[in-house]
Amino acid sequence: MEEFEEKIIKSIKSDMLNQSTLVEETVMKEIQMMHDEQLNYFIVGLKKETEAYLEKETNDLRLSASSQLSQETLKIKHDLLKLRMDFINQLLEGASKKIEDFVKSSQYKEYLVENINLIKVTPTGIFTVRKQDEELFNELLKEKNITANVQTGYFRFGGFTYSDLENRLEYRCDLSEKLEEARLLFREHSGFIITEGSDNHE
């Protein structure tokens, strides 16, 4: 039984290390461009979702434990699931500082300009930005001799959207969507699954 438990622990640790490295690289590339005026709200929501996910996996493990795993092995896996939740929290808390630094830097301005350049702005189009970015955004449009309507709206982090209903055009540069993509990537490629009738891990 000790050899079996050791095998499980090594496999899970290896999987978590590989996946956390992949996710951290992906997240850090995207979240350099984010500002968190509502990061605490996002973290609370993510914690609740992760706790629900943790409870589900724990229940699944408990159902299969009677025929496959000892109570001690079940506890090990439960602890590792908690470790994964802690890792998510640490990752987001660390990202908060990077987000704040980014939106205060010239790189954020360059990021907005690069995305504005991708749009064919029309007289009927409307830009939507955060209230905090309204002045900066108008300055950027003026520098590029672009005349367009600019309105403010809610953004969790930063960025902008552009819509032109008349020409059926929409462009999204919402930084919160980038973080959401990274979060989903982590959920889909991290952790482990116990398959009934087998001690294999995925």
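Readers should treat all values here as calculations from the given coordinates under stated rules, not as data from a laboratory. The structure displayed is predicted, hence computed values, not measured ones. Every residue, glycine as well, gets a Cβ built from its backbone with ideal geometry; the counts of neighbours run over all protein chains shown.
Structure data summary
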| read-out | value |
| --- | --- |
| Nitroxide proxy distance, nm - points 7 Å out along Cα→Cβ at MET85 and THR124 | 5.1 nm |
| Region 106-174 - charge dipole about Cα centre, Lys and Arg +1 at Cβ, Asp and Glu -1, debye rounded to 20 | 100 debye |
| Separation of the TYR154 and TYR53 label points, Cα + 7 Å toward Cβ, nm | 2.3 nm |
| Region 123-189: GluC sites (Glu not before Pro) in DSSP coil with no more than 10 other Cβ atoms inside 10 Å | GLU166 |
| Projected label distance in nm at GLU170 and ASN145, using a 7 Å step from Cα toward the beta-carbon | 3.2 nm |
| Cα gyration tensor, region 99-144 - rounded (a/c under 1.5), prolate or oblate | prolate |
| Cα-Cα over 32 Å, subset of LYS47/LYS98; LYS47/LYS142; LYS56/LYS131; LYS48/LYS120 | LYS47/LYS142; LYS56/LYS131; LYS48/LYS120 |
| Stretch gain in nm, segment SER105-GLU6, where the contour uses 0.36 nm per residue and the Cα spacing is subtracted | 30.9 nm |
| Ordering of 154-161, 78-85 by packing [mean C-beta count within 10 Å, highest first] | 154-161, 78-85 |
| Length-normalised contact order of region 106-174 in % [C-alpha pairs under 8 Å, at least 6 apart] | 35 percent |
